[in-house]
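Undergrad: Take this structure first; my questions come after.
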Amino acid sequence: MSRAKGIAQTIAAGLAWPLWLRYRLACALVGQSRAFLGMSERIARKPGLMGNYMRQAFYRRALAGVGKDVHFGFMSLFSKHQAVIGDRVYIGRFCSLGWVELGDDVMLADGVQILSGARQHGSHSDSGQTLRDNEQVFTKVTIGQGAWIGANAVVMADVGAGAIVGAGAVVTKPVEAGAKVGGVPAKVLKPAG
């Protein structure tokens with residue numbers, strides 16, 4: 001790491017410290033889930049390289065795990081503090097991430113959405129009941145090491161290591177390691193191997 005980068009990251013960590021304190025106070029007042037989502041939205045708006053470094057500093061404390069040299073793009077946010085991010089992960093701009101585990105060297109293009117599973121609002125409703133009335137069910141979605149997710153893809157299931165998800169694809173079923181998928185819903189374009 002260059003000396004200038006280290007200095008910039010130290011300054012950003014100092015700028016992120018008051019946000020961390022506000023977050024801890026909000027956790028006590030409204031609960032961790034609401035506080036986390038609010039602060040994730042706030043810190044997502046910080047522009048430029050300094051904004052990226054501030055997100056690095058904040059998420060290292062707030063998420064379940066954050067590796068080294070992670071890029072958090074402008075306006076990208078997390079909805080679940082249980083997320084785990086590996087080393088050298090690139091998260092593009094305007095991404096929305098739920099309960100995810102991103103392996104080392106994962107790349108997410110701009111606008112990627114990774115939901116906390118495919119059945120967050122249940123799968124049916126009883127007579128006179130809306131889906132909103134169902135108990136929410138969140139499941140972790142894992143993106144394997146070195147996978148690449150194309151722009152504006154929506155991912156609701158695990159993606160294996162080294163897999164490629166085409167731009168605009170909607171992943172509703174697990175993707176095998178090394179496979180290339182695309183379309184709505186995503187289908188195998190090129191099998192692994």
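The values are calculated or read from the model by the stated rules, or taken from the named source; none is laboratory data. Note that the structure is a prediction, hence the values are computed from the model and not measured. Glycine gets a Cβ as well: all are built from the backbone with ideal geometry, and neighbour counts include every protein chain shown. In case anyone asks, the SASA skips ligands and DNA or RNA and just uses the protein heavy atoms, side chains included. Shrake-Rupley method; radii C 1.70, N 1.55, O 1.52, S 1.80 Å.
Undergrad: Residues in region 159-185 that are part of a loop (DSSP other than H, G, I, E, B), open to solvent by 30 Å² or more (accessible area, probe 1.4 Å) and closer than 22 Å to D110 by Cβ: how many?
TA: 7
Undergrad: How about region 165-179: which of its residues are more than 15 Å from G92 (Cβ to Cβ) and of a type outside the set (G, A, S)?
TA: Scanning region 165-179 gives V170, V171, T172, K173, P174, V175, E176.
Undergrad: Here is a further query. Given the conditions (1) under 14 Å from L19 (Cβ atoms); (2) open to solvent by 60 Å² or more (accessible area, probe 1.4 Å), and given that R34 satisfies all but one, which numbered condition is not satisfied?
TA: Every listed condition holds for R34 apart from (1).
Undergrad: Can you tell me which residues in region 139-167 are more than 17 Å from the chain's Cα centre (by Cα) and either on the phi > 0 side of the Ramachandran plot or charged (D, E, K, R) (or both)?
TA: G162
Undergrad: Just one of (1) in contact with a Phe, Trp or Tyr (Cβ under 8 Å, 6 or more places away or on another chain); (2) at pLDDT 95 or above trips up G92, so point out which.
TA: The number of the failed condition is (1).
Undergrad: What number of residues in region 97-116 are closer than 14 Å to G73 by Cα, in a strand (DSSP E or B) and open to solvent by 10 Å² or more (accessible area, probe 1.4 Å)?
TA: Matching residues across region 97-116 total 2.
Undergrad: Going by the structure shown, is K68 in contact (Cβ under 8 Å) with a residue 24 or more places away in the chain and of a type in the set (K, R)?
TA: The answer is no for K68.
Undergrad: Same structure again: What number of residues within region 79-96 are open to solvent by 10 Å² or more (accessible area, probe 1.4 Å) and either under 9 Å from the mean Cα position of the chain (by Cα) or in contact (Cβ under 8 Å) with a residue 60 or more places away in the chain (or both)?
TA: Total meeting the criteria: 4.
Undergrad: Something else now. For residues in region 140-157 being open to solvent by 70 Å² or more (accessible area, probe 1.4 Å) and in a loop (DSSP other than H, G, I, E, B), which is nearest to C95 (Cα to Cα)?
TA: Pass one, region 140-157, residues open to solvent by 70 Å² or more (accessible area, probe 1.4 Å): 140, 145, 148, 152.
Subsequent filtering for residues that are in a loop (DSSP other than H, G, I, E, B) retains 140, 145, 152.
Working: K140: 17, Q145: 19, N152: 8 Å.
Restricting to residues being open to solvent by 70 Å² or more (accessible area, probe 1.4 Å) and in a loop (DSSP other than H, G, I, E, B), the top hit is N152.
Undergrad: State all residues of region 38-56 that are touching a Leu at 6+ places or on another chain (Cβ under 8 Å) and open to solvent by 10 Å² or more (accessible area, probe 1.4 Å); if no residue qualifies, say none.
TA: Matches in region 38-56: M39, E41, R42, M50, M54.
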